[in-house]
Amino acid sequence: MGQAAVKCTVVETHPPAKLNLYLELLGKRADGYHDLETVMIAIGHRDRLRVTRTEHSSISLECRWSPSVAVWRQRLPSAAPDTFSLPPAAQNLVTRALERFRSAFGVGGGFRVELDKRIPAGAGMGGASSDAASALLAAAALCGVEPNDPRLLEIAADLGSDVPFFLRPRAEAVADRATAADEGAAAGECGRSTSMALAAGRGERLTALIAAPKLHFVVIYPPEPLSTPRVFSHCQVPADPQSAAGWTLPLGGKDRREIPPLFNRLSEPAREISGWIEKALRALEGVGLRGATMTGSGSACFALADSARAARRAAALLSARRTGLCFAAVPASLPATIRTMT
Ligand code: C5P
């Protein structure tokens, strides 16, 4: 079973959101999914997840918005009433992840979970996927399972296309790639560059990339979430897809090479479904930010600022205009740290 003695009963972690810097569709598959290539980066905008191992065999989940729904509504006054509805606990990806973990590793007892959600839903920021990946890592820590046990990755890929990204290839994979590709410069950065990956297949096949170390994002979440299956159902696979080749070279090394242009093929169907996408992109450009694009299947959009100060300033300006909920963010390393509480 590969389990060591249990050393703790409560762990806490802060699952990060992600942004898609690049996303191209390559084909429609027989199983209904799309083959794609996407570059994802984790950012330091996070949920909070606390998992307690219990003797009782149930898996319980208490999930709430943070700050409260009332505060979210104040910040997004034109949001549809169901924007902040949460799925029943049994359907939450965290509960499903823990059920799968328990049966895969033959673990007795149960788990009690508290989840504070700060990552918006229907945003394309991977909140539910990140929570599920963190729940797997939390359960692994609580039950003495190695965090790089391949069964965790299998469960993650089954739960959703984005979940494996948040478990992440470890720093060694990045180091190997960096050493081969850029001899010294990028390799020196690998210790803090485990936040970005190229994902292929339906999103579950990952290659670690060297992240440009100084990216400053401004994110805007419009008052209308988007459903991933709905956006994909409106998409068109291009006859001549773009190549992700420019993204596989180490970025931001000695020469501080600029990142390739941000791009998202899914912004075409998302724009057809929601008028908010265009408004959000224009708002980002209107405050002088670069490369405005959508993340994942939307509805959140983001752009690049030249410094942390410029990002905070733009986010404050945009918040005052009420196009959506706005915040500045920087890359975060993966996987999220699991802290032992008791
Ligand atoms: O994998 P996940 O459950 O997140 O996918 C949600 C939906 O998004 C799928 O049911 C599918 O309709 C669509 N999808 C897709 N191709 C992908 C990823 C998702 O068509 N690569």
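Here are the numbers:
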{"read-out": "For residue 290, net neighbour charge (Lys/Arg +1, Asp/Glu -1) across residues whose Cβ lies under 12 Å away", "value": "-3"}
{"read-out": "Whether region 193-342 is rounded, prolate or oblate, judged on the alpha carbon gyration tensor where a/c under 1.5 counts as rounded", "value": "rounded"}
{"read-out": "Dipole magnitude of the chain about its Cα centre (Cβ charges: Lys, Arg +1; Asp, Glu -1), debye to nearest 20", "value": "1060"}
{"read-out": "Prolate/oblate/rounded call for region 1-106, Cα gyration tensor, a/c under 1.5 rounded", "value": "oblate"}
{"read-out": "By average C-beta atoms within 10 angstrom, highest first, the peptides 55-66, 294-305", "value": "294-305, 55-66"}
{"read-out": "Rounded accessible area of residue 137 (nearest 10 Å², 1.4 Å probe)", "value": "10"}
{"read-out": "Lysine pair number, Cα distance threshold 22 Å (strictly under), the chain, separation 8 or more or different chains", "value": "4"}
{"read-out": "Segment residue 10-residue 82, extension gain: residue separation times 0.36 nm, minus the distance between their alpha carbons", "value": "22.7 nm"}
{"read-out": "Accessible area per residue, Å², region 10-340 with all protein chains present, probe 1.4 Å", "value": "42"}
{"read-out": "Computed accessible area, residue 159, all protein chains, 1.4 angstrom probe, square angstrom", "value": "20"}
{"read-out": "Computed lengthening from residue 75 to residue 28, 0.36 nm per intervening residue step minus Cα-Cα distance", "value": "13.1 nm"}
{"read-out": "The chain: mean projected area of Cα convex hull, nm²", "value": "17.4"}
{"read-out": "Accessible area of residue 82 in the full protein assembly, 1.4 Å probe (Å², nearest 10)", "value": "100"}
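The values are calculated or read from the model by the stated rules, or taken from the named source; none is laboratory data. No experiment lies behind these values; they were computed from the predicted model shown. FYI the Cβ positions are ideal-geometry reconstructions off the backbone, even for glycines, and counts take in every protein chain you see. Note: accessible area is taken over every heavy atom of the protein model, side chains too, but ligands, DNA and RNA are not part of it. Shrake-Rupley method; radii C 1.70, N 1.55, O 1.52, S 1.80 Å.
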